[in-house]
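J.: Have a look at this one before I ask anything.
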Amino acid sequence: MAETDIGLWYSNIPFFTKWWFTLTLVCTLGANFGILPSHHMLLVWDLVIYKFQFWRMLGCVFFMGKLGFPFLINVYFLYSYSNRLETGVFDGRPADYLFLLLFNWICLVILGFIIPLRIIGMPLVISVLYVWCQVNRDTIVQFWFGTQFKAMYLPWALAAFNVLLGGNGIMELIGIFVGHTFFFLKYKYPIDYGGQAFLNTPQFFYKYFPTRVGGTTGFGQAPPARRPTQQAEGRHNWGGGNALGGEE
């Protein structure tokens, strides 16, 4: 019975979240148990550019370092918030969600070469969480010890909590920066400031990941702009997300 329940749960995970979740478990567990070489999954400029080890740009996403409490938290956030985005705002539009993931991944690879970062899985998770929190900014979420606040503060709370645990919060801040870059260029700048829409899903993405009939309507529109004239135009009112730790 338990095996059936687990199989049903796993089969219901949406496509991209399932692959991301599965490869993260396989690569991280495999590396920690000596099955996979962890040093081949680190982002290193010289090895990527001069040795053509391009797989490192993907390996650094799915390998999250040593096992421990931070790994469990990151896997939970990966599953929870990627699932919520893919089955919520992006429901029926896998090409658009893939574009979000690819844009954030490219930004993190570039930052990883500059800073440098050896692994980028955690900031990628935070960047996806940040987008969800902006889409559902007024939703009340629950944090540790029963605290509650609006979703738009969650990424910052995670950064502060990491500092309290002895970390530096840099990974969270990088994820926030990348997530905000996507959200600003995709939605806020074109809508709130009347600027050009710089981020549009390439049309050939829809050839391989076609839009599913019956998905969420109104995708591609930003959360309601703060300007009254744009609110009056009937833009799609996003924000009906789930609380942290609530039902998926």
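The values are calculated or read from the model by the stated rules, or taken from the named source; none is laboratory data. Quantities reported herein were computed from a predicted structural model and do not represent experimental measurements. Counting neighbours? That spans all protein chains shown, and the Cβs are built from the backbone with ideal geometry, glycine included. Accessible surface areas use protein heavy atoms only, side chains included; no ligands, DNA or RNA. Shrake-Rupley method; radii C 1.70, N 1.55, O 1.52, S 1.80 Å.
J.: Quick check, is I170 in contact (Cβ under 8 Å) with a residue 40 or more places away in the chain and within 18 Å of F77 (Cβ to Cβ)? Give the steps one after another, and end with the answer.
T.: Numbers: in contact (Cβ under 8 Å) with a residue 40 or more places away in the chain: no; within 18 Å of F77 (Cβ to Cβ): yes.
No: the conditions fail for I170.
J.: Determine the pairs where a residue that is within 17 Å of N162 (Cβ to Cβ) and among the aliphatic types (A, V, I, L, M), located within region 73-84, has a partner that is part of a helix (DSSP H, G or I) and open to solvent by less than 20 Å² (accessible area, probe 1.4 Å) with Cβ atoms under 6 Å apart, the partner being 6 or more residues away or on another chain.
T.: As it stands, the answer is L78/V125, since those pairs meet every condition given.
J.: Are there any pairs, at least 6 apart or on different chains, whose C-beta atoms fall under 9 Å, with the first in region 130-150 and farther than 16 Å from F182 by Cα and the second assigned to a loop (DSSP other than H, G, I, E, B) and aromatic (F, W, Y), and if so, which?
T.: Taking only residues 6 or more apart or on different chains, the pairs are F149/F143.
J.: Further question: Looking at V125, is it within 17 Å of N200 (Cα to Cα) and either without any contact (Cβ under 8 Å) to a residue 40 or more places away in the chain or among the β-branched types (V, I, T) (or both)?
T.: no
J.: Filter region 55-72 down to residues that are open to solvent by less than 30 Å² (accessible area, probe 1.4 Å), of a type in the set (A, V, I, L, M, F, W, C) and part of a helix (DSSP H, G or I) and give me whichever is modelled with the lowest pLDDT.
T.: F71
J.: Okay, moving on. Restricting to region 161-204, what's the tally of residues that are open to solvent by less than 50 Å² (accessible area, probe 1.4 Å), over 16 Å from P123 (Cβ atoms) and part of a loop (DSSP other than H, G, I, E, B)?
T.: Final tally of qualifying residues: 5.
J.: Return the residue satisfying two criteria in turn: it lies in region 101-146 and is of a type in the set (V, I, T) and in a loop (DSSP other than H, G, I, E, B), and of such residues it is least open to solvent (accessible area, probe 1.4 Å).
T.: I120
J.: Let me ask something else about it. Does region 29-54 hold any residues that are under 23 Å from C107 (Cβ atoms), open to solvent by less than 60 Å² (accessible area, probe 1.4 Å) and in a helix (DSSP H, G or I), and which are they?
T.: The answer is M41, L47, V48.
J.: Another question about this same structure. Mind checking whether some residue in region 12-28 is touching a residue at least 60 places away in the same chain (Cβ under 8 Å) and either touching a strand residue (DSSP E or B) at 6+ places or on another chain (Cβ under 9 Å) or open to solvent by 30 Å² or more (accessible area, probe 1.4 Å) (or both)?
T.: Yes, region 12-28 contains a residue that is touching a residue at least 60 places away in the same chain (Cβ under 8 Å) and either touching a strand residue (DSSP E or B) at 6+ places or on another chain (Cβ under 9 Å) or open to solvent by 30 Å² or more (accessible area, probe 1.4 Å) (or both).
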